[in-house]
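So the structure is just underneath, and the comments pick up after that.
The values are calculated or read from the model by the stated rules, or taken from the named source; none is laboratory data. None of the values given here were measured: they were computed from a predicted structure. With ideal geometry, Cβ positions are generated from the backbone for all residues, glycine too; neighbour counts draw on all protein chains shown.
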Amino acid sequence: MSDSPTTGLRVGIVCYPTFGGSGVVATELGKALAMQGHEVHFITYNQPVRLGSFHPGVYYHEVEVSKYPLFEYPPYELVLTSKMVEVVQTHNLNLLHVHYAIPHASAAVNAKCILADAGLTVPVVTTLHGTDITLLGKDASFKPVITHAINASDVVTTVSQSLKDDTARLFEVSRDVEVVHNFVCPSHFERPPDLEFRSQLSPKGTPILCHVSNFRPVKRVLDVIDTFARVRAEREVTLLMVGDGPDRARAEARCRELDLAQDVVFLGKVKNPIEPLLISDLLLLPSETESFGLVALEAMAAGVPVVSSNVGGLSEVNVQEETGFLRDVGDVEGMAQDALAILDDGALRGFKQRAKARAAEFTIDRILPHYLDLYHRALDSSAS
Ligand code: GMT
């Protein structure tokens, strides 16, 4: 018999509020929980980008880091921990769901101990997203902290089987880890493409290739440009680069070097990449690692096939020769061939339809029950 509340949970969600996929997943999950009647409290240093305007049942608590002169490195993790303790106590939260291992999971297990001293039992559900495991897992200085955060959480999930395998390989994990895939909210994609926007970008109606990322080295944006150059050598196409980050200047320089500047548009950061995706014909995602590739799923939900690398969890989303193609990291020649095959007039429609159908397997209404089930499991086991 379950002791946990069956409706009306009060959940604290901790995430990075920025453009990254982990923040998007956490925010959309919180909004969906609130729509089902649960109370959701976001605890972050900024309002999450995808939160948008007011939603009934959704609250936001800002973590403010003090500028005490002694702190050369302000202790964000400790301020976050205190904020979690305060919000749990003030709003009588049932559980904390934290996204990304550090500092969020680490801070949450600390908050849980502090709350236990005050006689409160608050389980911690941790979702691992990607580089918290695949990149930081290779950095010895974080290993003990991440290992502890994983093992001391009440429930741990990964966003793909691949990330679960990486977690087991890189850390001393002494507990079960559940795979809960990322998801999309279909209603966000049920709007017509902005044809004026499309014709501005591609006045002659040539196909639009798109890349969306934070332009970090792991995204290999130069491979995007090099792939595009090979496609452009064969047919007229436009490339839409969405996002910003450390490798943007190099990508722009490469376009100038290859005399492609007139065919490539750098849009910069956009709050929501769905609009550019809706007017695109193909997504290029040649990442070095990608635990899931939320943007690939978002592209597919917009009916956009994907040419990606075959790393991490991408093959759990993008299906070879059905929704797109997967190639070895750095194989820009192969990716260009795949892009040309997809853009072929006879093929494009089928790829678009299959991409959309595949994305329908990862919708919020399918994924939310998994998280709710895990919440109840966490509540039951910490109550017993
Ligand atoms: O780990 C990161 O690079 C950042 C993180 C994020 O916050 O966006 O991205 C990861 O989580 C996303 C959401 O689960 C996944 O879709 C991305 O594949 C993953 N990024 C990498 O593994 C590089």
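Of everything in the stretch 289-337, what is crowded, with 24+ Cβ neighbours inside 10 Å and aromatic (Phe, Trp, Tyr)? Give them in sequence order.
292
I'm checking my understanding of the structure. Among residues of the stretch 163-184 that are in contact (Cβ under 8 Å) with a residue 60 or more places away in the chain and surrounded by fewer than 23 Cβ atoms within 10 Å (Cβ to Cβ), which one is nearest to residue 116 (Cα to Cα)?
Looking at the filtered set, the residue picked out is 178.
Considering 239, 285, 277, which residue is within 18 Å of the chain's Cα centre (by Cα) and under 14 Å from residue 227 (Cα atoms)?
Checking each option against the conditions leaves just 285.
Looking at the stretch 262-284, can you tell me whether even one residue there is farther than 28 Å from residue 159 by Cβ, among the aliphatic types (A, V, I, L, M) and at pLDDT 95 or above?
The answer is yes; a qualifying residue exists.
Across the stretch 60-73, what is the total count of residues that are surrounded by 12 or more Cβ atoms within 10 Å (Cβ to Cβ) and either outside the structural domain of residue 43 (by TED's automatic domain parsing) or of a type outside the set (Val, Ile, Thr) (or both)?
Final tally of qualifying residues: 3.
Need pairs with beta-carbon distance below 6 Å; first residue of a type in the set (S, T, N, Q) and within the stretch 137-156, second outside any helix (DSSP H, G or I); sequence gap 6+ or separate chains.
147/171; 147/172; 151/174; 151/175; 153/124; 153/126
For residues that are touching a strand residue (DSSP E or B) at 6+ places or on another chain (Cβ under 6 Å), more than 13 Å from the ligand (Cβ to nearest atom) and hydrophobic (A, V, I, L, M, F, W, C), tally how many sit in the stretch 153-182.
Count: 3.
Of everything in the stretch 206-242, what is of a type in the set (Phe, Trp, Tyr) and within 16 Å of the ligand (Cβ to nearest atom)? Give them in sequence order.
The one that is of a type in the set (Phe, Trp, Tyr) and within 16 Å of the ligand (Cβ to nearest atom): 215.
Looking at the stretch 108-219, what strands (runs of 3 or more DSSP E) fall wholly within it and have at least 2 residues that are within 21 Å of residue 81 (Cα to Cα)?
Counting at least 2 such residues, we get 124-128, 155-158.
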